[in-house]
Amino acid sequence: MELPPRDRGDELLKPGELVDIRRRLRNVAHQHDLTSVIACAFDHRTRMLPFIYADTHMVPAGVRAIGAAMLDAGFPKTRIVLQQWNKNFRPSRARVDGRIPDIFMVSSMQLHTAQCHALIRDACRIEPLHRPLIIAGGPKTIYEPWDVFSADPGDPWAADVAVTGEEYILLSLLEALLSIRADGEPLRMTFIRARNSGILDQIPGLVYARTDANGAAEELIDTGIQRLVGDLDELPHSVLGYRLLEPPSGKTTLGAHALSERRVRKHSPIGSLVLTFGCKFACPYCPIPAYNQRMHRVKSGERIAQEMTRLYNEYGMRHFFGADDNFFNDHERTLEIVNTLARVKLDGTDIRHRFRWGTEVTVHDILKMKDHLREVRNAGLRALWIGVEDMTATLIKKGQDAGKTEQAFRLLQERGIAPMPMMMHHDTQPLISRGDKAYGLLNQARLLRKAGACSLQVLMITPATGSKSYDEAFTSGLAYESVGGKQVESYMLDANFVVASKHPQPWKKQLNIMAAYFYFYNPLRFLLALVRPKSKLYLADAGMQLVGMWGLAMTVRRTFGWALRLMRGNIRRKTAVPAGPIPMRGADAATAAHALPGQQDRTCTQQKLGLSQTEPGRAAPDRLDTSRL
């Protein structure tokens with residue numbers, strides 16, 4: 001399931017190409033006057049620990065980046081709609097500048113699949129002649145692009161095209177379409193002409209469908225793995241995306257204007273920033289290294305300082321979260337960033353007195369950076385979310401053990417940086433261990449709290465699309481199909497639910513997660529945090545306790561029923577790797593880079609036999625229903 005690599009030396013765009021394509025589009029944008037809506041799919045059933053509060057108070061970096069790219073490319077009539085804020089939004093009712101949008105884009109994570117499908121279905125209710133060009137993207141589409149296309153002739157809802165990459169792929173698609181668009185022609189009609197002529201096949205990072213007369217997908221064409229932008233300074237400025245936000249409301253329609261600048265901070269007090277991409281570790285459960293072509297990409301300290309400063313000046317933002325995979329991954333580049341930030345002054349005051357920000361790192365890299373943590377704090381960094389996973393390295397080895405983890409946490413506390421551990425629970429880990437005092441889940445929670453942890457994240461190890469271990473989770477019978485007659489649904493794939501386990505009593509694993517959270521977040525700890533806080537930031541520890549107790553209540557409410565089902569048994573397991581319902585091939589009839597096991601095999605078999613799926617008298621092959629995966 002890992003994404004395949006591009007040829008060595010061909011992984012990156014040419015320097016300056018992302019900037020150049022935006023310039024080229026600006027030169028022609030005025031001739032087309034396009035309107036667009038970018039929707040962030042969000043399933044409210046996922047509101048629980050560890051993402052409570054941040055899930056609705058921080059605009060996701062992905063949709064904000066796409067909006068910034070559209071605005072910077074000359075398309076200001078763009079609106080970003082967050083289902084976190086606009087639960088009832090319906091694309092069929094959307095109007096921008098009084099018109100049905102020319103483009104409707106939807107971005108989704110895997111756990112929000114149900115809402116992603118609902119948004120696309122609703123957009124498809126628009127009469128075909130007026131329907132916008134429907135583009136799907138985001139983490140869900142990167143790894144499962146087939147899932148935004150329908151193979152059912154009786155229900156042919158579908159996106160027109162899936163973007164399996166970053167901003168450059170979308171802009172390349174627009175550039176290709178506008179180069180052949182006739183005056184007044186609906187952009188979706190232009191897309192159909194481009195698709196049929198093969199123009200899109202030259203843009204790596206797209207998946208589109210060949211359809212039958214009813215509009216159902218017969219075959220998917222995969223143009224390959226995207227090229228990545230190497231220098232993140234080329235990305236559009238993050239401040240642009242915040243100008244396009246739809247105000248929160250319960251309406252199905254869009255407001256007349258985007259969210260005003262003075263209200264942005266109220267609804268998004270935390271600003272999401274891209275600082276670096278990539279990680280040097282190769283954990284089998286993580287798709288990040290393969291996605292980044294085993295590379296580490298960074299922004300310069302100067303660019304990061306500029307973004308923080310502009311977000312503060314224009315919106316009053318003072319808190320930021322770096323959407324990093326491992327910020328300390330490259331120590332030299334990290335020092336360049338933090339030393340640059342430490343020198344910045346705003347109105348004569350050091351930046352660390354104006355801004356507070358956090359990001360993600362590993363225990364191994366904290367210890368490698370231990371002599372530079374003072375510089376890190378001087379740059380304004382106040383919290384680090386740390387991929388501890390398992391302190392004993394039983395689950396995964398990333399250079400951590402109990403002693404090193406405690407040492408790293410104490411070093412951070414001494415420098416005034418709050419450690420925020422991220423843990424993974426697994427089948428062989430007990431709730432409490434007596435021999436090995438660092439093995440049990442509560443043992444580790446106790447050690448982490450004692451070492452200075454201000455928050456705790458505990459998730460159950462779950463198959464992740466795009467990871468090395470994904471196939472084995474199904475072929476070994478680890479993954480569940482249903483429990484007590486209830487199907488495992490997409491919103492349950494956030495690792496809060498036990499949906500993959502060989503433990504004879506999996507309900508204990510579900511209750512263990514609740515117990516660990518209750519041990520860490522409770523009224524007694526809140527009171528102690530007021531007197532003896534773990535953080536040097538005023539009331540930060542007590543504040544995290546309040547958020548944690550709120551999130552714990554939501555977690556128990558949503559997962560306790562699942563624990564009861566696990567207790568009653570009747571577990572059905574998957575025994576084969578999910579196969580996409582639609583055959584896929586590469587644009588040159590070669591292997592499809594994003595094909596799941598079974599999709600490519602069926603396509604190749606058909607080609608070898610000289611068969612077409614629409615050939616008269618031929619029965620369609622059996623397909624495994626993966627709509628709930």
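The values are calculated or read from the model by the stated rules, or taken from the named source; none is laboratory data. Here the structure is a predicted model, which means the values were calculated and not measured. With ideal geometry, Cβ positions are generated from the backbone for all residues, glycine too; neighbour counts draw on all protein chains shown.
Looking only at residues of segment 496-538 that are modelled with pLDDT of 95 or more and of a type in the set (Gly, Ala, Ser), we find that the one that is nearest to His117 (Cα to Cα) is Ala500. No other residue among Glu11, Glu2, Glu17 is closer than 30 Å to Pro578 by Cβ and at pLDDT 95 or above apart from Glu11. Across segment 49-57, a minimum of one residue is classified as surrounded by fewer than 19 Cβ atoms within 10 Å (Cβ to Cβ), in contact with a Ser or Thr (Cβ under 7 Å, 6 or more places away or on another chain) and under 30 Å from Val488 (Cβ atoms). Residue pairs whose Cβ atoms lie under 6 Å apart, separated by 6 or more positions or on different chains, with the first residue in segment 181-203 and under 20 Å from Arg131 (Cα atoms) and the second part of a helix (DSSP H, G or I) and polar (S, T, N, Q), are Arg181/Thr190. Is at least one residue of segment 468-477 of a type outside the set (Phe, Trp, Tyr), out of contact with any Cys (no Cβ under 7 Å at 6 or more places or on another chain) and crowded, with 19+ Cβ neighbours inside 10 Å? So far as segment 468-477 goes, yes, one or more of its residues are of a type outside the set (Phe, Trp, Tyr), out of contact with any Cys (no Cβ under 7 Å at 6 or more places or on another chain) and crowded, with 19+ Cβ neighbours inside 10 Å.
Between Cys116, Cys124, the distinction of being of a type outside the set (Gly, Ala, Ser) and within 22 Å of the chain's Cα centre (by Cα) belongs to Cys116 only.
Scanning segment 474-494 for residues that are over 17 Å from His117 (Cα atoms), touching a residue at least 40 places away in the same chain (Cβ under 8 Å) and not charged (D, E, K, R) returns Phe474, Thr475, Gly477, Leu478, Ala479, Tyr480, Ser482, Val483, Gly484, Gly485, Gln487.
Checking Pro236, Pro248 one by one, the residue that is at negative phi and within 20 Å of the chain's Cα centre (by Cα) is Pro236 and no other.
Of all residues in segment 296-328, those satisfying the criterion of being among the acidic types (Asp, Glu), touching a helix residue (DSSP H, G or I) at 6+ places or on another chain (Cβ under 7 Å) and within 26 Å of Arg227 (Cα to Cα) are Glu302, Glu307, Asp325. Suppose we keep only residues that are more than 16 Å from Leu456 (Cβ to Cβ) and out of contact with any Pro (no Cβ under 9 Å at 6 or more places or on another chain) within segment 524-542. Which one would you say is surrounded by the most Cβ atoms within 10 Å (Cβ to Cβ)? Restricting to residues being more than 16 Å from Leu456 (Cβ to Cβ) and out of contact with any Pro (no Cβ under 9 Å at 6 or more places or on another chain), the top hit is Leu537. Within segment 273-281, is there a residue that is touching a residue at least 40 places away in the same chain (Cβ under 8 Å), surrounded by fewer than 21 Cβ atoms within 10 Å (Cβ to Cβ), out of contact with any strand residue (DSSP E or B) (no Cβ under 9 Å at 6 or more places or on another chain) and closer than 28 Å to Met460 by Cα? Checked segment 273-281: at least one residue is touching a residue at least 40 places away in the same chain (Cβ under 8 Å), surrounded by fewer than 21 Cβ atoms within 10 Å (Cβ to Cβ), out of contact with any strand residue (DSSP E or B) (no Cβ under 9 Å at 6 or more places or on another chain) and closer than 28 Å to Met460 by Cα. For first residues located in segment 559-578 and modelled with pLDDT under 95, partners that are in a helix (DSSP H, G or I) and crowded, with 19+ Cβ neighbours inside 10 Å and lie 6+ apart or on another chain with Cβ distances below 8 Å form the pairs Lys574/Phe474; Thr575/Phe474; Ala576/Phe474; Val577/Tyr470; Val577/Phe474; Pro578/Phe474.
Considering the conditions (1) outside any helix (DSSP H, G or I); (2) surrounded by fewer than 18 Cβ atoms within 10 Å (Cβ to Cβ); (3) at pLDDT below 95, Ala209 is excluded by exactly one of them, (2). State all residues of segment 230-253 that are in contact with a Pro (Cβ under 9 Å, 6 or more places away or on another chain) and part of a helix (DSSP H, G or I); if no residue qualifies, say none. Result: Glu234, Arg243, Leu244. Residues in segment 365-392 that are small (Gly, Ala, Ser) and either over 18 Å from Gln457 (Cβ atoms) or surrounded by fewer than 17 Cβ atoms within 10 Å (Cβ to Cβ) (or both): Ala379, Gly380. Of the helices (runs of 4 or more DSSP H) entirely within segment 114-198, those holding at least 3 residues that are out of contact with any strand residue (DSSP E or B) (no Cβ under 6 Å at 6 or more places or on another chain) and more than 30 Å from Leu493 (Cβ to Cβ) occupy 167-178, 187-197.
Yes/no per residue for (1) out of contact with any helix residue (DSSP H, G or I) (no Cβ under 7 Å at 6 or more places or on another chain); (2) at pLDDT below 95; (3) on the phi > 0 side of the Ramachandran plot; (4) of a type outside the set (Ser, Thr, Tyr):
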| residue | (1), (2), (3), (4) |
| --- | --- |
| Thr428 | yes, yes, no, no |
| Ser433 | no, yes, no, no |
| Tyr439 | yes, yes, no, no |
| Ile461 | yes, yes, no, yes |
| Ala464 | no, yes, no, yes |
| Ala473 | yes, yes, no, yes |
| Tyr480 | yes, no, no, no |
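Can you find, within segment 284-340, the residue that is surrounded by the fewest Cβ atoms within 10 Å (Cβ to Cβ) among those that are part of a helix (DSSP H, G or I) and among the basic types (Lys, Arg)? Here the answer is Arg310. Looking across segment 163-206 at every residue that is of a type in the set (A, V, I, L, M, F, W, C), in contact with an Asp or Glu (Cβ under 9 Å, 6 or more places away or on another chain) and farther than 22 Å from Ala593 by Cβ, the one that is surrounded by the fewest Cβ atoms within 10 Å (Cβ to Cβ) is identified as Ile192. Restricting Ala68, Ala39 to those that are part of a helix (DSSP H, G or I), buried (at least 22 other Cβ atoms within 10 Å of the Cβ) and either under 22 Å from the mean Cα position of the chain (by Cα) or among the polar types (S, T, N, Q) (or both) reduces the list to Ala68. Beta carbons closer than 7 Å, at least 6 apart along the sequence or on distinct chains, pair a first residue in segment 429-457 that is in a helix (DSSP H, G or I) with a second that is among the charged types (D, E, K, R) for Asn443/Lys437; Leu447/Glu406.
In this structure, is Glu332 within 15 Å of Thr276 (Cα to Cα), more than 23 Å from the chain's Cα centre (by Cα) and among the acidic types (Asp, Glu)? Yes: the conditions hold for Glu332.
Tally the residues that are within 18 Å of Phe277 (Cβ to Cβ) and touching a residue at least 40 places away in the same chain (Cβ under 8 Å), restricting the search to segment 303-323. Residues flagged as within 18 Å of Phe277 (Cβ to Cβ) and touching a residue at least 40 places away in the same chain (Cβ under 8 Å) within segment 303-323 amount to 6.
Within segment 478-505, restricting attention to residues that are surrounded by 15 or more Cβ atoms within 10 Å (Cβ to Cβ) and among the small types (Gly, Ala, Ser), the residue that is farthest from Leu459 (Cα to Cα) is Gly484. The set of residues from segment 343-365 being within 23 Å of the chain's Cα centre (by Cα) and in a loop (DSSP other than H, G, I, E, B) comprises just one member, Thr362. Only a single item in (1) buried (at least 21 other Cβ atoms within 10 Å of the Cβ); (2) of a type in the set (Asp, Glu); (3) over 24 Å from the mean Cα position of the chain (by Cα) is not met by Asp160, and it is number (3). Total residues in segment 377-428 satisfying the condition of being of a type in the set (Asp, Glu), within 23 Å of Ala515 (Cα to Cα) and outside any loop (DSSP other than H, G, I, E, B): the figure is 2.
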